[in-house]
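Here is the structure we will look at.
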Amino acid sequence: MRKYSLEDAQVAVDKAAALARQDPLRPIYHAMCPGNWMNDPNGPILDPASGEVQVFYQHNPLAPTGGNMCWGHMKTKDLVHWTHLPIAFGPSFDKGEDGCWSGSCIIGPGGLPHAIYTSVGPKKRPVDGSEQWIAVGSKDFSRWEKSPSNPVMTHALHGKTRIEDWRDPYAWRAGNTYYCVVGGHLVQDGKPKHNPAVFLYKSPDMVHWTFLGPACWRFTGAADAPAGPGVNLGTNWECPLFFPLGDKHVLEVSVNGTAYTIGTFKGEKFVAPGEWHPLDYSGTFYAPHTVADAKGRRIVIGWVVTTQHPAWSGCFSLPRVVSDRGDGTLGIVPLPELDMLHGKHVHVDSVSITPGAARPLISAKPLAAISGDRAMECRFSIPFVESADGELVVPPFELQLYEPIEGVQSFAGTLGYEPAEALLFIGNRSGAFHAEPGEDSIEARLFIDRGIVELYINGRWTLTSEIPVLPATRIALVARSVEGAAVTFTEIDCWSMASIWS
């Protein structure tokens, strides 16, 4: 692991940023670091003084690849437009630390921001030697110092309980007590050897912590946690979130994608009676974090895993507002304020595609007027059709988002529905979609930002994907019927989208 100063790191970031800004494939309305690598969002927090949301993220300032982890930093007033800030803090090499991994940030003792994160180093292997450290910030979040009490949490807290891959603390305050959950897995005799779990701790001061035991784990005796369609609960849970939503609590973990369950938290116990569900049906969306904004809304932002580009890699997802639907699942919609990015607009009442045919949703000239930057939002409806047995079902369809690229299979840039498997897909990313009682159409919001695509359906279903795009590839929006079935798109509204950077 290369040792570096924050000054050297900032020079490397600035150099990469100059190249990244010239890259025609770089997204323009997804928040991302100035240059080089970013991954997990860390510790978004509402600044009580300014009303701004401060957001941190895993950042390799030296290259567009993983490694050399420090905490990057940006802020926003509206969760739409963002301002880059200097790197918050990096590894304390003189104290045996070579990586500041994921964590969270809350207002702690003394009214100061406290970032709690996983510390790793040559003698602190991630699998069995990681520690949890604290960095304390100034009230304006501009200066950070490591706590002299570090490490504030070590494996010694667990006694005879053996935990591996212990990382990614998520902290909160309740009254005069601080709580924290950390991800990992229990190592146990017999099968399964690895039991993925989230572990619960409490402290009076964020320095002296008590282990309360597993808050939730996959295997209870011989029983597996109930997992809904599209969920693989894996062998290790990382980047846990645990937040209130009305009178319920949501536990979310990252494992082969994302998964959440809704339960109650009383008496320092989490009771999760329901199934686990995907927060997004794609592994392209990973390691989300959350904040309650000034309006009291619960906002979730994830890491969009991208291919490695010469001067950048990774970005944030669009902010999502989540709500409790009352049936054990979350409502998920894009942040309404994203509408302020809307530019030129095209409306089409409807486009019907007969069996075996293909038609553009928008004719060439108006499409060119709104898609020149290849940054758009499109909203449309697809009415369900009646099946042979009289049920309303989703019709099979395909929507080619970009013109075909020579040598690349056409489905790579296609959105569609496969009825045999009940899958909605974008390229090679897909998730199960079933109509719910009372629904009679797909109500879609589709965001295209160069190669990043986010799809929101009926206020409850999301899929994120990266599709192959070349600098000269143009948006197409050509719909086609498949499997001999007709399909109709109605209430088509498309806008160009402005850049979020000044």
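The values are calculated or read from the model by the stated rules, or taken from the named source; none is laboratory data. Predicted model, so just to flag it, every value in this text is computed and none were measured. Methodologically, a virtual Cβ is constructed for each residue, glycine included, from the backbone with ideal geometry; neighbour enumeration extends over all protein chains shown.
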(request) Give the number of residues within the stretch 196-243 that are under 25 Å from Thr462 (Cα atoms), surrounded by fewer than 14 Cβ atoms within 10 Å (Cβ to Cβ) and modelled with pLDDT of 95 or more. (result) 0
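Residue by residue, here is whether (1) touching a Phe, Trp or Tyr at 6+ places or on another chain (Cβ under 6 Å); (2) under 27 Å from Pro91 (Cβ atoms); (3) in the same structural domain as Pro278 (by TED's automatic domain parsing); (4) not acidic (Asp, Glu) holds:
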| residue | (1), (2), (3), (4) |
| --- | --- |
| Val152 | no, yes, yes, yes |
| Asp189 | no, no, yes, no |
| Ala197 | yes, no, yes, yes |
| Lys202 | yes, no, yes, yes |
| Cys216 | yes, no, yes, yes |
| Leu251 | yes, no, yes, yes |
| Thr258 | no, no, yes, yes |
(message) Please determine whether any residue of the stretch 481-495 is at pLDDT below 95, out of contact with any Leu (no Cβ under 6 Å at 6 or more places or on another chain) and in a strand (DSSP E or B).
(response) yes
(request) Among the residues of the stretch 201-228, write down those that are assigned to a strand (DSSP E or B) and of a type in the set (A, V, I, L, M, F, W, C). (result) Phe211, Leu212, Ala215, Cys216, Trp217, Phe219, Ala223, Ala227
(request) Determine if the stretch 468-486 includes at least one residue that is touching a His at 6+ places or on another chain (Cβ under 8 Å) and either within 26 Å of Ala259 (Cβ to Cβ) or surrounded by fewer than 18 Cβ atoms within 10 Å (Cβ to Cβ) (or both). (result) no
(request) Among the candidates Val231, Val198, single out the residue that is β-branched (Val, Ile, Thr) and either part of a strand (DSSP E or B) or more than 23 Å from Glu252 (Cβ to Cβ) (or both). (result) Val198
(message) For Arg2, only one of the following conditions fails: (1) touching a Gly at 6+ places or on another chain (Cβ under 7 Å); (2) at pLDDT below 95; (3) of a type outside the set (A, V, I, L, M, F, W, C). What is its number?
(response) (1)
(request) Among the residues of the stretch 83-127, count how many are out of contact with any Pro (no Cβ under 9 Å at 6 or more places or on another chain), aliphatic (A, V, I, L, M) and within 20 Å of Gly184 (Cβ to Cβ). (result) 2
(message) For a quick check of your reading of the model, give me the residue pairs whose first member lies in the stretch 215-227 and is more than 12 Å from Gly183 (Cβ to Cβ), whose second is modelled with pLDDT of 85 or more and basic (Lys, Arg), with beta-carbon atoms closer than 7 Å and at least 6 apart or on different chains.
(response) Asp224/Arg218; Ala225/Arg218
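Would it be correct to say that Asp128 is of a type in the set (D, E, K, R), buried (at least 24 other Cβ atoms within 10 Å of the Cβ) and either in contact with a helix residue (DSSP H, G or I) (Cβ under 8 Å, 6 or more places away or on another chain) or within 24 Å of Ala287 (Cβ to Cβ) (or both)? Walk me through it before giving the result.
Values: of a type in the set (D, E, K, R): yes; buried (at least 24 other Cβ atoms within 10 Å of the Cβ): no; either in contact with a helix residue (DSSP H, G or I) (Cβ under 8 Å, 6 or more places away or on another chain) or within 24 Å of Ala287 (Cβ to Cβ) (or both): yes.
Criteria not met by Asp128.
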(request) Check Thr329, Thr284 and return the single one that is among the polar types (S, T, N, Q) and within 30 Å of His59 (Cα to Cα). (result) Thr284
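Sort through Ser282, Ser381 and tell me the only one that's part of a loop (DSSP other than H, G, I, E, B), touching a strand residue (DSSP E or B) at 6+ places or on another chain (Cβ under 7 Å) and surrounded by 14 or more Cβ atoms within 10 Å (Cβ to Cβ). Break it down stepwise before answering.
Numbers: Ser381 fails: part of a loop (DSSP other than H, G, I, E, B).
Only one candidate passes the filter, namely Ser282.
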